[in-house]
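Following: one structure in C-alpha cells, then a few remarks.
The values are calculated or read from the model by the stated rules, or taken from the named source; none is laboratory data. All figures in this text were calculated on a predicted structure; none of them were measured in a lab. Every residue, glycine as well, gets a Cβ built from its backbone with ideal geometry; the counts of neighbours run over all protein chains shown.
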Amino acid sequence: MNLLDLCAAGRVTGDGAMGTELQRAGLAVGECGDRWNLEQPGRILAIHEAYIAAGSQAIITNSFGSNRWVLGRYGLADRVVAVNRAAAIAARRAAGESVCVLGDIGPCGGFIRPLGDVDPGELEAEFTAQAGALLEGGADGIIVETMSALDELRIAIRAARAAKAPFVVASMAFDRVPNGNLRTMMGVSPEQAAQAALDEGADLVGANCGTHMTAADFERVTAAFRQATSRPIMIQSNAGSPELVDGRAVYRLAPEAFAAGMKGVAAAGANVVGGCCGTTPAHIAALARQLKAGV
Ligand SMILES: [Zn+2]
C-alpha cells in the first residue's frame with residue numbers, strides 16, 4: 001500500500017504514539033523500547049492492532065531509535081538490522097494488505113560534523129542499512145521523523161532513496177519559540193524544512209511532535225508547507241504540551257479535544273493527520289470519526 005495512493009483517494013488517518021504506549025504496556029523509564037521488537041514482539045503487534053482497530057490507515061514501525069548510535073547506548077549496536085527487520089515484520093503482520101506501513105527512521109541523537117563528531121558518510125550508510133532492513137521486513141515506504149537538523153534530514157532522505165524506498169516522508173519537529181515563531185531545536189523554519197525535503201526528493205513533507213505546539217501552530221506549519229509545495233502533507237501532533245511528572249512526560253489533551261484541534265490542520269491542507277507523543281488509540285478513534293465525517 002503506497003501512502004501516495006492513499007492520499008490521492010482522500011484524507012488519511014495516521015498513527016498514534018508508540019513510545020508512550022510502550023510505557024503504558026510496562027516499558028520502564030530508561031529502558032530501550034526498540035529492544036521489544038526482538039523480545040516482546042507480541043506487545044508491539046498489539047499496539048499496532050489497537051491503532052488499526054481505531055481507524056489508522058498508515059502505521060509507523062517501532063524503530064524510531066533503531067540506529068547504531070541510539071541502540072549502542074543499550075549494547076545493541078550490532079543488532080540494527082535485526083531490530084529494524086523485526087519492527088517491520090510486526091507492523092506488516094498487523095497491517096495486512098489494507099493498511100500502509102511506514103518504516104520509521106528517527107534522529108541518531110548526536111550532532112553531525114563539523115558541529116559534532118558524527119561522520120555524515122557513516123550516518124548515511126547506517127540510515128541506508130536501517131531503511132533497507134525496514135523495507136525488507138515489509139515496510140511500504142520510509143518516514144524520516146522528529147528531525148531538527150537540516151543536514152540529518154537530508155542525509156536520512158538520501159539514505160531512504162538509496163535503499164529504494166517506494167516513497168519517503170520527511171517530517172521535522174517544530175517548537176513555538178518565545179517570539180511566537182516556529183522553529184526546530186536547530187533553528188530551522190517550516191519553509192527551510194520543506195525546501196530541503198523537496199530538494200532531496202521527499203514525496204511528502206511533514207511535522208510531528210514538538211513542544212509548546214498548539215493545533216493553531218500546526219495549522220501555521222501546514223499553511224507554510226502548502227505555500228512551498230503541492231505534495232501531500234503529513235501532520236502528527238502530540239496530545240498537548242508535555243508536563244513532567246515523576247521524571248516522565250505526561251500529555252493531557254483528551255481524545256475529543258485533540259480531534260477537534262486537528263480539524264483546522266486538515267482544513268489547512270494536511271493530507272495525513274495523526275498523533276505523536278501522548279496520543280492513544282482513543283485519540284486516533286476520535287480523529288478517524290472526525291475525518292470520516294468530512295472536515
Ligand atoms: Zn512526539
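Looking across segment 224-250, the residues that are within 12 Å of the ligand (Cβ to nearest atom), modelled with pLDDT of 95 or more and part of a loop (DSSP other than H, G, I, E, B) come down to N238, A239. Under the condition of being more than 15 Å from the ligand (Cβ to nearest atom), under 23 Å from A224 (Cα atoms) and among the hydrophobic types (A, V, I, L, M, F, W, C), the residues counted in segment 266-286 number 5. Out of the residues in segment 170-184 that are more than 13 Å from the ligand (Cβ to nearest atom) and aliphatic (A, V, I, L, M), which is nearest to D151 (Cα to Cα)? The residue in question is A170. Scanning for something farther than 24 Å from R161 by Cα, in contact with a Ser or Thr (Cβ under 6 Å, 6 or more places away or on another chain), among the aliphatic types (A, V, I, L, M) and crowded, with 16+ Cβ neighbours inside 10 Å, does segment 16-29 turn up at least one residue? Yes; the residues of segment 16-29 include at least one that is farther than 24 Å from R161 by Cα, in contact with a Ser or Thr (Cβ under 6 Å, 6 or more places away or on another chain), among the aliphatic types (A, V, I, L, M) and crowded, with 16+ Cβ neighbours inside 10 Å. Being of a type in the set (A, V, I, L, M), touching a residue at least 12 places away in the same chain (Cβ under 8 Å), more than 28 Å from V265 (Cβ to Cβ) and part of a loop (DSSP other than H, G, I, E, B): is that true of V29 here? The answer is yes for V29. Contact map, segment 215-239: first residue small (G, A, S), second residue away from the ligand (no atom under 16 Å from the Cβ) and assigned to a strand (DSSP E or B), Cβ cut-off under 9 Å, separation 6 or more or different chains; pairs are A228/V205.
If only residues of segment 204-216 that are closer than 18 Å to E145 by Cα and not in a loop (DSSP other than H, G, I, E, B) are counted, the one that is nearest to the ligand (Cβ to nearest atom) is N208.
The set of residues from segment 189-203 being part of a helix (DSSP H, G or I) and either buried (at least 20 other Cβ atoms within 10 Å of the Cβ) or touching a Phe, Trp or Tyr at 6+ places or on another chain (Cβ under 7 Å) (or both) comprises P190, A193, A194, A196, A197.
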